[in-house]
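Notes to accompany the following structure.
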Amino acid sequence: MTAIIFILILLFIIVIQAFLPKFLKASEVFGVYIPDTHVNDSRIVKMKSRYTKVLLTGGMAIILFFIGWLLLLRPSDQHIVLLGMVAQILAVVFSIGLYAKNHITLSNWKKTEKWTSGQIERKVVDLQFREQLKLLPNIFFILPMLVPITLGIYGLTQYETLPGQIPIHWGPDGEADGFAEKSWFSVSSLPLMTLVLQGMLLFFNSAMKQSGSKIQVQQKKRSREQQLAFRKYSSWLLFVVTISVTLLMGYLQLTIIAPEIMSSGVTLAFTIGFLIVILGSVLYYTVIVGQSGTRISITTHEINQKGVIDADDDKYWKMGLIYINKDDPSILVEKRFGIGWTVNMGHKGSWIFLGLLFGTIALIAIVL
Amino acid sequence: MFIEIEANSSVPIYLQLVQQIIEGLAKGSLKPGDSLPSVRAFAADLGMNMHTVNKAYHYLEEKEFIRIVQKKGVVIHAKGIREASAADRNRLKQELRPIVAEALCLQMSQEEIKLLVKEIITDLKEKSL
């Protein structure tokens, strides 16, 4: 069971990474801004398809090694988890390496051949963008917080009746496999973690409201509609995650307080249901919506402006992955290479957010 | 309504914002009471400093083209479209002066300058955008 989950996750990582360029904007390739004049450059098209092929081949090799090792040595669950992690890290490092190579090559072409010179760079703003933006209101993310708060308080009122060992980790088969001494903290650790996660998702939803729109100068109407849709779907995805996390963690907390309702079958069903919902929504988000809504087709009549291109923001994107712009008040920005969002490291708020997040995780890890 | 900004232009960014908002008003794409983005949202959309937007908004507020209401946001002033007061007229005269001077240096006749103004007016009144 552990092995199958690992293989599925590996497959998921590799396939998503390999086909990623298909779900991204044509104007941002391997984290490099490509002006409209060069979007159809045959070298870029070739580079993308080569990336997919190489990554699939390398990724499959990693999976085959993993399966071969499983069949030959029949290792213990503990070893599977360890090597499974190693295989995942390997797959990620491999794809990042391949990405970095392409990113550097492409940046060099762009620089030496001066792709943007002689063209006017323009930034486009739609004055009514915020009015048309339909994100879920924050209350959708605040209300689910009542669940862990209630369960946390309820757990503490039942403190005397709880067993001496509190489960804090569950194996893929639904059986608890990690325990901590009973304390006020270990009893409430699960609700606390849920609250941290919910807080994070709430933060994302409100930061998305403030995030700057990226409207393309040659496709103003289309890119605006795609952006609006992308943001709406992002907000819904966050909501699906919030509800799934709340339900799963809520159920697990109930099994701590009232072990009699616990059966590993139900736990397994909850975990698998959770995985299916999350992976399903992410897949839908990736394939149907795409980064910045590029997969949503919208037909508009645009007036072509000769010699005008979008502003080149490459200088704010380190390796095309990390966004640092002190002037930009957005905390969250759309990723260049990848589906979803990343933080603006030039903004104080991002550092406060990351500090709080890692601080809480470290605190929970140390105290438990 | 879309606004397009050139970061590398010789016209300062705040002035580009001001000019395009006024143009929007002249064309009728913006109407008194319409709301504009908050300073923070506008700056985020531009990926530029909030000071730039602030400067543009204060400039427009001074000329009574917009109203900045604390907590409620920024709206086009009810007097955004109005009959020019003596002060408005004076200001426009001041602002036009260097342009007219430049036209005279380029040996343009009064008729030619009039024609130029007429062309601009027709262009603004065609609500093509």
Looking at residue A:229, is it hydrophobic (A, V, I, L, M, F, W, C) and within 30 Å of residue B:53 (Cβ to Cβ)?
yes
If I ask for residues that are closer than 22 Å to residue A:215 by Cβ, touching a strand residue (DSSP E or B) at 6+ places or on another chain (Cβ under 9 Å) and more than 7 Å from chain A (Cβ to nearest Cβ), which ones from region B:43-59 would you list?
B:57
Name the residues in region A:179-214 that are in contact with a Ser or Thr (Cβ under 7 Å, 6 or more places away or on another chain), at pLDDT 90 or above and away from chain B (no Cβ under 14 Å), would you?
A:194, A:196, A:198, A:201, A:205
Number of positions in region A:282-302 that are outside any loop (DSSP other than H, G, I, E, B) and surrounded by fewer than 17 Cβ atoms within 10 Å (Cβ to Cβ)
4
Output for region A:131-161, where each listed residue is touching a residue at least 12 places away in the same chain (Cβ under 8 Å) and either of a type in the set (A, V, I, L, M) or within 14 Å of chain B (Cβ to nearest Cβ) (or both):
A:132, A:133, A:135, A:136, A:142, A:145, A:147, A:149, A:151, A:156
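Yes/no per residue for (1) assigned to a helix (DSSP H, G or I); (2) of a type in the set (A, V, I, L, M):
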position: A:320; (1), (2): no, no
position: A:325; (1), (2): no, no
position: A:333; (1), (2): no, yes
position: A:336; (1), (2): no, no
position: A:349; (1), (2): yes, no
position: A:352; (1), (2): yes, yes
position: A:356; (1), (2): yes, yes
position: A:361; (1), (2): yes, yes
position: A:364; (1), (2): yes, yes
When region A:68-77 is checked residue by residue, the ones that are assigned to a helix (DSSP H, G or I) and either surrounded by 13 or more Cβ atoms within 10 Å (Cβ to Cβ) or modelled with pLDDT of 95 or more (or both) are A:69, A:70, A:77
All positions within region A:86-95 that are more than 11 Å from residue A:66 (Cα to Cα) and touching a helix residue (DSSP H, G or I) at 6+ places or on another chain (Cβ under 9 Å):
A:90, A:91, A:92, A:94, A:95
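For the structure I just gave you, tell me whether residue A:58 is of a type in the set (Gly, Ala, Ser) and surrounded by 15 or more Cβ atoms within 10 Å (Cβ to Cβ).
Values: of a type in the set (Gly, Ala, Ser): yes; surrounded by 15 or more Cβ atoms within 10 Å (Cβ to Cβ): yes.
Yes.
The values are calculated or read from the model by the stated rules, or taken from the named source; none is laboratory data. None of these values were measured; they are calculated from a predicted model. Note that we place each Cβ from the backbone using ideal geometry, even for glycine, and neighbour counts take in every protein chain shown.
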